[in-house]
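Colleague: I'd like to ask you about the structure that follows.
The values are calculated or read from the model by the stated rules, or taken from the named source; none is laboratory data. Nothing here was measured: the structure is a model prediction, and the numbers come from that model. Surface areas here come from the heavy atoms of the whole protein model, side chains and all, with no ligands, DNA or RNA. Shrake-Rupley method; radii C 1.70, N 1.55, O 1.52, S 1.80 Å.
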Amino acid sequence: MENQNPTSHIVKGAIIASIGILISIIVHVFNLYESQWINWVTYVLIIGGLVYGAIMFSNQNNHNVTFGNVFAHSFKTTAVIIVIQTIYTLLAIKVLFPEMLDKVLEISRKKMEENPKMTEEMVDSAINMTRKYF
């Protein structure tokens, strides 16, 4: 069997993050902010992508790897995903979809108002604090 060059963790992370960004854009375009199932799709994508990437890394190295090698490769892949997703999130909130923050805060307000332990002042305070930090 030929010895393949392992696919870089940067490539794997970029692919997984790109699919995550695509899902985020679909959520925004179709206004699926309150859909719980879309969160599960994102989690399955990330976990499944990392597991598949780890298996692929092992296969490309002819299974001559240790747990530490596979863990390090997956950790680096996760770091790439986080960096790309963070940059996208900042761009999306500040530049691409500035109304996204208002939608998310309105949904948060509705959820907090459903809680009988939260007073109107507590809800307003929490929303204002969140807006201030964004």
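Colleague: Return the carbon/sulfur percentage of the accessible area of the chain, one whole number, probe 1.4 Å, all protein chains in place.
Modeller: Taking all protein chains in place, the chain shows 66 percent carbon and sulfur surface.
Colleague: Working from Cα positions, state the angle (0 to 90°, nearest 10) between the long axis of helix 9-29 and the longest principal axis of the chain.
Modeller: Tilt relative to the chain: about 30 degrees.
Colleague: Let me confirm the definition first: pairs of Lys residues in the chain, 8 or more apart or on different chains, C-alpha distance under 14 Å. How many are there?
Modeller: 4
Colleague: In whole Hz, what ³J(HN,Hα) sequence does the range 61-68 give by Karplus (6.51, -1.76, 1.60; θ = phi - 60°), x for Gly and Pro?
Modeller: Couplings: 9, 6, 6, 9, 10, 9, 4, x Hz.
Colleague: Give the shape of the chain as rounded, prolate or oblate, defined through the alpha-carbon gyration tensor: a ≥ b ≥ c are the square roots of its eigenvalues, a/c under 1.5 means rounded, and otherwise the shape is prolate if a/b is larger than b/c and oblate if not.
Modeller: Judged from the Cα gyration tensor, the chain comes out prolate (a/c at least 1.5, a/b above b/c).
Colleague: Along the range 96-108, what does the Karplus equation 6.51 cos²θ - 1.76 cosθ + 1.60 (θ = phi - 60°) give for ³J(HN,Hα), rounded to whole Hz, x for Gly and Pro?
Modeller: Per residue, the Karplus-derived 3J(HN,Hα) values read 6, 10, x, 6, 4, 4, 5, 5, 5, 5, 5, 5, 4 Hz.
Colleague: In Å², what does the accessible area per residue of the chain work out to with a 1.4 Å probe?
Modeller: On a per-residue basis, 70 Å².
Colleague: Each residue of the range 89-95 in order: what ³J(HN,Hα) in whole Hz does its phi give by Karplus 6.51 cos²θ - 1.76 cosθ + 1.60, θ = phi - 60°, with x for Gly and Pro?
Modeller: Calculated HN-Hα couplings, in order: 4, 4, 5, 5, 6, 8, 10 Hz.
Colleague: So how much slack lies between VAL95 and THR42, counting 0.36 nm per residue of separation and subtracting their Cα-Cα distance, in nm?
Modeller: 16.8 nm
Colleague: Now a separate question. Given a cut-off of under 8 Å on Cα pairs at least six residues apart, what relative contact order in percent is computed for the chain?
Modeller: Here the relative contact order equals 30 percent.
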